[in-house]
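The values are calculated or read from the model by the stated rules, or taken from the named source; none is laboratory data. Quick caveat, the model's predicted, so the values are computed rather than measured. Quick reminder, even Gly has a Cβ in these numbers, built from the backbone with ideal geometry, and neighbours come from all protein chains shown. Heavy atoms of the whole protein, side chains included, go into the accessibility calculation; ligands, DNA and RNA do not. Shrake-Rupley method; radii C 1.70, N 1.55, O 1.52, S 1.80 Å.
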Amino acid sequence: DILVSKDLVKLLLDENAPIATNPSFYFLGKKGKDSAKKTISAPELVTEGDKYFQGKDVVEDNKRAFDLYMKAAQQGYGPAMGKVGEMYQYGYGVGASDEIAAQWYRKGTEAGDGCSAFRLGWLYHHGRINGQFDEANACKYYAIAAQTSYRDNLNIIETFKNTGQAMF
């Protein structure tokens, strides 16, 4: 006997339902004394969340994406923490809140995610935290992001050029 998630059962019963491209996502394990839910890694949860966020091979569902990102963030995965922050910043699947977004970006930064550091710097730079431009914190978090492999490092350098701030 095989255990499957309730979501898979719903999909199997509804012939018009979109089916995720990764059916193993719904597999939970075998019945019996050795049964245990299959643990889905945080990066896999983020990948699955991205599919729902982008509507790639599934119906777009920001709430489902948020739930998957949150599960990954609860495993301590920095990039997932950044995704949760992004969902709060823009109100995708949850109520918009820059303050809560900043909390998640801070957690992501502490977990080593450069994107989280960049987004937190952006919030400070644009006065979205405490309602005013905070140059010191913007520079601090942009500099942290610049030290990572985050793909938008050139944007960080451009930001400092535009603000007249020397970073290096």
Check your understanding: In whole Hz, what ³J(HN,Hα) sequence does region 133-147 give by Karplus (6.51, -1.76, 1.60; θ = phi - 60°), x for Gly and Pro?
Key -> 4, 10, 4, 4, 6, 4, 4, 4, 6, 5, 5, 4, 4, 5, 7
Check your understanding: Rounded to the nearest 0.05, what FRET efficiency is calculated for Thr47 and Tyr90 with R0 set to 25 Å and r the Cβ-Cβ distance?
Key -> 0.80
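Using a 1.4 angstrom probe, figure out how much accessible area region 85-151 has per residue, in square angstrom, rounded to the nearest whole.
Here the per-residue accessible area is 48 Å².
Name the trypsin sites (Lys or Arg not before Pro) in region 49-100 that are in a loop by DSSP and that have at most 15 other C-beta atoms within 10 Å, would you? The partial results should precede the final answer.
Numbers: sites: Lys51, Lys56, Lys63, Arg64, Lys71, Lys83; in loops: Lys56.
Sparse-neighbourhood loop trypsin sites (Lys or Arg not before Pro): Lys56.
Could you give the length gained on full extension between Ala143 and Glu60, defined as 0.36 nm per residue of separation minus the Cα-Cα distance, in nm? Show your work: numbers first, answer last.
Details: separation 83, 0.36 × 83 = 29.88 nm, distance 3.43 nm.
That pair, Ala143 and Glu60, stretches by 26.4 nm at full extension.
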Check your understanding: What does the convex hull of the Cα atoms come to per residue for region 38-103, in Å³?
Key -> 71
Study note, to complete from the structure: For Asp61, the residues 5 or more places away or on another chain with a placed amide H closer than 5 Å to its own amide H are Phe53, Gly55
